[in-house]
Structure formats: structure tokens, C-alpha cells
Amino acid sequence: MTDPAPPPEDLGALVTESADPRTAELDRLSTLEAARVMNEGDLGVAAAVGRVLAPVAEAADRAAAGIRRGGRLVYLGAGTPGRLGVLDASECPPTFGTDPSAVVALIAGGPAALTRAVEGAEDDADAGAREVGALAVGPDDVLVAVSASGRTPYVLGGLRAAGAAGAWTVAVTANPGSAAGDLARTAIDVVVGPEVIAGSTRLRAGTAQKLVLNMISTLTMVRLGATYGNRMVDLRATNAKLHDRAARIVRDLTDRPDAEVGRALDAADGSAKLAVLLLRTGLTPGAGRALLDRHGGSLRAALGTAPSR
């Protein structure tokens, strides 16, 4: 049985529950003045993230190493943090060409909680543990638990279960010295201060969490060779915009005319990475795929060992 939630009276001591004196008269301001106040408060969010870059990098390196071994990057959260985890996971396949099982997310209350509050779901520590167990989280996985307060029972239950199963655990919170941070092997406490509306952590804390999750997944994919420089060469062209982007990426990285780019993409079954390799080396598609496989999918490494055309 997992531990119960801390008593409600402890919540008042959290940074995320405190009131910001700068917004004490928020409802008396004009809409434009209120927007300026919100914007001024948001300016400190990126700086707060800047203070936790070392643990963010550690989380990304651990995730990349785990995925190379066949593991996954797993997000876990409730409410806004849970929705942000689902969002970040869902964007990895079209952006980086990942298998949908490589980056996954668990949210308290399940899919229904994406569009409406599921009452009491975040208070169920046992549910967090059960869902981590049902996903068979293990030593090759990295579990990133996201909780603004750092004491959400569902998240704590999942963290304990993942740690016991041997996964590398990460906690992303908005309060220093949190229970989640204490449980995790990597603590990322992004302290953005009180919210413009006291306790509404979908605001500054949510923005900080979005930045951190974006960094973890993006840097993980960079380490896995899903980019070449700043180009998303592993994107999956699932719509007209992405087909056009793939063609532009190949054209920019090879300086070849559109007709050649189109033929190379067709030969590469739409893979921008493989098309670049074919155009720059003259390899056949089969040989190009084999070379990429030998280099763990890294286009830069493959180009470094292949003859130039």
C-alpha cells in the first residue's frame, strides 16, 4: 500500500500555493494592464528553467541511453502536468519519426482526463503504481513524473513503483525540496514563484513544465541521431506540410534540384535522412539503410564513413 497524501494543511506552505502581492488587485485592472502584469511575471519562467539545465540534460542523456537499449521515455502526471506529458509524447512520432511506443504518457484518470477533470484521480496513489506496473516499466525505461506541487499522490505512487522496478526516475516540480524530488533519482525543481492567480499552476508552472518536457524529449532525440544539425531528418511526412518540409530539408542538405530530391525521397520511402544519404553518397537504398543501422541511425556518423558522391 502506498503512503497517503500529505495533510491538506501542508499545501499552504508551498510556493505554488502562495499569493503574489503584485497581482492582489488583478480584478481591478483593465484587461490590457492585467495582460502586462501576466506577461511581466512570465518573463521569469525561462530564467527559472535556466537554473535547472544540468538535471534536464541528465534526464535527456538517461532517456537516450534507455531508448537505445529498447526502453522508453515515460511521462506521468495528473491534471495540467499529465496533459502536457501526453502532448509531448504525442508530438514525438511526427517530429522525429519515433515509434509511438518509445515515448508514452500516463495521466491520472486516463484519456477522459485530457478534456475534463476526473474528480479524485490525482489523489489515488495506488492507481499511479498500478498503471506504472501495467506498463511494465523497468530498468531500461526513464520515467519523468510531473507535478507542480511535487506531492500529488498519483504521481508519488507511480514514482515509487517505477523506482522499485529499476527505472531511472525524474521529478519535474515547481517547489523546492518536494516529496517527488526526494523520491526521484533526478530532481528538476523549476521554482517560478507564486502564480498570477494563487494556486493556478497551469500558468507559470505549466509554462515551465512545457519548456522542460520539450527540452527532455528534443535533446533525447538529438542524442539518438534524429536530427542533423538543426534539421529534423527523421520526421514522418504524414501531411502536405511535412512532405514539403522533408523535401526542403533534403534540398538544403544536398543542394540538389527538386527533381532529384523527389526521386531520392521516393527511393527512400519518404525518409529525409535516407534520401540525404543516397544523394550525398550514391549508395543504393538497401546499402544506405544498412549503413544507418550500423551507426545507430545517425546521419552524421553514416556520412562520416561513407564515400562522398
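Tabulated values for the structure
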| quantity | calculated |
| --- | --- |
| Complete set of residues in segment 201-234 that are charged (D, E, K, R) and either open to solvent by less than 50 Å² (accessible area, probe 1.4 Å) or assigned to a loop (DSSP other than H, G, I, E, B) (or both) | Arg202, Arg204, Asp234 |
| Count of segment 80-114 residues which are within 17 Å of the chain's Cα centre (by Cα), outside any strand (DSSP E or B) and either under 17 Å from Ala180 (Cβ atoms) or aromatic (Phe, Trp, Tyr) (or both) | 6 |
| Segment 51-79: number of residues that are open to solvent by 40 Å² or more (accessible area, probe 1.4 Å) and not hydrophobic (A, V, I, L, M, F, W, C) | 8 |
| Looking only at segment 161-194, and only at residues there that are touching an Asp or Glu at 6+ places or on another chain (Cβ under 6 Å) and without any contact (Cβ under 8 Å) to a residue 40 or more places away in the chain, the one that is farthest from Leu43 (Cα to Cα) | Gly181 |
| Conditions (1) farther than 16 Å from Ala13 by Cβ; (2) crowded, with 24+ Cβ neighbours inside 10 Å: number failed by Glu195 | (1) |
| Odd one out for Pro139 among (1) at pLDDT 95 or above; (2) open to solvent by less than 10 Å² (accessible area, probe 1.4 Å) | (2) |
| In segment 131-160, the residues that are in contact (Cβ under 8 Å) with a residue 60 or more places away in the chain and hydrophobic (A, V, I, L, M, F, W, C) | Leu135, Val137, Val142, Leu143, Val144, Ala145, Val146, Ala148, Val155, Leu156, Leu159 |
| Any hit, segment 115-130, residues being more than 30 Å from Leu26 (Cβ to Cβ), open to solvent by less than 10 Å² (accessible area, probe 1.4 Å) and in a strand (DSSP E or B) | no |
| Criterion violated by Thr169 - all others in (1) surrounded by fewer than 24 Cβ atoms within 10 Å (Cβ to Cβ); (2) touching a strand residue (DSSP E or B) at 6+ places or on another chain (Cβ under 9 Å) satisfied | (1) |
| Residues being modelled with pLDDT of 95 or more, touching a helix residue (DSSP H, G or I) at 6+ places or on another chain (Cβ under 8 Å) and surrounded by fewer than 24 Cβ atoms within 10 Å (Cβ to Cβ) - total across segment 180-192 | 5 |
| Residue tally, condition modelled with pLDDT of 95 or more and of a type in the set (Val, Ile, Thr), over segment 88-124 | 3 |
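The values are calculated or read from the model by the stated rules, or taken from the named source; none is laboratory data. Model, not experiment: these values are computed from the prediction. When we count neighbours, we look across all protein chains shown, and the Cβ atoms used for this are built from the backbone with ideal geometry, even at glycine. The accessibility values were calculated without ligands, DNA or RNA, using every heavy atom of the protein model including side chains. Shrake-Rupley method; radii C 1.70, N 1.55, O 1.52, S 1.80 Å.
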